[in-house]
1. What order, most packed first, do the peptides 51-59, 119-127 have when packing is the mean number of other Cβ atoms within 10 Å of each residue?
2. Residue 59 to residue 78: extension gain in nm, 0.36 nm per residue of separation minus the Cα-Cα distance?
3. Rounded, prolate or oblate: which fits the stretch 28-157 when a ≥ b ≥ c are the square roots of the eigenvalues of the alpha-carbon gyration tensor, with rounded for a/c under 1.5 and prolate only if a/b beats b/c?
4. If each of residue 46 and residue 70 carries a label point 7 Å out from its Cα toward its Cβ, how far apart are those two points in nm?
5. Seen from all sides and averaged, what is the projected area of the convex hull of the Cα atoms in the stretch 88-144, in nm²?
6. By per-residue mean of other Cβ atoms within 10 Å, what is the highest-first order of 96-102, 84-90?
7. Given R₀ = 25 Å, FRET efficiency for residue 97-residue 38 by Cβ-Cβ distance, to 0.05?
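Please treat every number below as a calculation from the coordinates, not as lab data. Here the structure is a predicted model, which means the values were calculated and not measured. Counting neighbours? That spans all protein chains shown, and the Cβs are built from the backbone with ideal geometry, glycine included.
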């Protein structure tokens, strides 16, 4: 048997074993992020296996398909799990590591958390088809004006959407 045959055999064997391995993030890399508008598209298109897990202790604005996090719950490895925190950091990173260790392969954190959802989907400065689908109303800012404080934005959009 020559070297070419041995390499082909090794490649075939590796391909056979690939589904049994864990899809772990390389060392030193953090969680994958998903943009609010990308998540909105997944929800609208009813992406199979999508689980939107809300980690917030108080929920001022509910995300469509959002479910509360239950620590004992196990997630199917083939699920796409999106973690939602208040701002996309903190608790979501800890839960991400825990679920990753349980074998969930497609695990994301919502970029900028619930604040990102409010800013980009429910109250965007630039309206989009996805924003309108979820009941978003464009927010108009005067030149030099910044967005209102988070609690004010949440009060403005509470009850809108799916």
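1. 119-127, 51-59
2. Numbers: separation 19, 0.36 × 19 = 6.84 nm, distance 2.73 nm.
That pair, residue 59 and residue 78, stretches by 4.1 nm at full extension.
3. The shape class here is prolate.
4. 2.4
5. If you wrap the Cα atoms of the stretch 88-144 in a convex hull and average its projections, you get 5.3 nm².
6. 84-90, 96-102
7. Using R0 = 25 Å, I get an efficiency of 0.65.
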